[in-house]
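The values are calculated or read from the model by the stated rules, or taken from the named source; none is laboratory data. If you're wondering where the values come from, they're calculated on a predicted model, not measured in any experiment. For neighbour counting, all protein chains shown are included, and Cβ atoms are generated from backbone atoms with ideal geometry for every residue, glycine included. Just the protein is used for accessible areas: all its heavy atoms, side chains included, with ligands, DNA and RNA removed. Shrake-Rupley method; radii C 1.70, N 1.55, O 1.52, S 1.80 Å.
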Amino acid sequence: MPKNTFYNLPPEKREKIYEALREEFNSNPFNKASVKDIVENLNISRGSFYQYFDDLEESYFTILLKETTDIHSLFIEILKNENFDLCQSLEKFGARISQLIFDERRYTLYKYRFLYWNEDLERRWIEFYKKQGVECKHHSKNCIDNIGINYEKINFVKAVIHNIIKRTFQENLNKETFLIKYNQYVNWIIKGVD
């Protein structure tokens, strides 16, 4: 969670920092990003950066939280809104996901997240997310079970959807091709693979 000094900045200065973070993490995956490039872009000292964030990872998570949508929570929200109709929910989810990941301003943030994310980042992301006071509904078996969804089915669907999103970035698929493949995967989830 960013430090209070960050939140106490005037809005225009905070936005300038957000823009520098967007630029850095749209240009580099987390494992290649650097505080040095961020502070040079902002024309501030390294010490100033650490007055706002504990480390590079916290700045990364801050921009992810601001600029990207948690797709798991989005799916659960759609599922609830569709009265737990899996077929209808997956259809709406595909349309929404394609809008999100192909948004020009955020495309690379999603790309690097899907291609370079690992278990350690996931664990620390969940901790960061919770510190923000945001409920992370998709990570807990109890949370999933409490809303009446079979946890193993959700994990299966999640694995399939993650695969098509990751392949989209690996193979540089366009939005139309993504939707064709996504709909094919959904059809297999609903009707089975022949």
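Things to note:
- With respect to the chain, whose longest principal axis is taken over its alpha-carbon atoms, helix 11-27 is tilted by about 60°.
- Theoretical gain in end-to-end length, Gln184 to Leu100 [0.36 nm per residue, Cα-Cα removed]: 28.3 nm
- Paramagnetic label zone (point 7 Å from Cα along Cα-to-C-beta, Leu115; backbone N under 18 Å) in segment 20-58: 22-34
- Whole-number D in µm²/s for the chain (Stokes-Einstein; Kirkwood sum over Cα pairs; 20 °C, 1.002 mPa s): 118 µm²/s
- Relative contact order %, the chain, counting alpha carbon pairs below 8 Å whose residues are six or more apart: 22 percent
- Listed values for segment 42-49 are Karplus-derived 3J(HN,Hα) couplings in whole Hz (6.51 cos²θ - 1.76 cosθ + 1.60, θ = phi - 60°), namely 7, 6, 10, 7, 4, x, 5, 4, and x replaces Gly and Pro.
- Of Lys16/Lys66; Lys32/Lys111; Lys111/Lys191, pairs whose Cα-Cα distance is over 18 Å: Lys111/Lys191
- Accessible area of Asp85 in the full protein assembly, 1.4 Å probe (Å², nearest 10): 70 Å²
- Extending 7 Å from the Cα toward the beta-carbon at both Tyr7 and Glu82 defines two label points whose distance is 3.6 nm.
- The stretch between Glu23 and Ala159, if pulled fully straight at 0.36 nm per residue, gains 46.0 nm over its current Cα-Cα span.
- Three principal axis lengths of segment 1-98 [C-alpha, angstrom, descending]: 52, 28, 21
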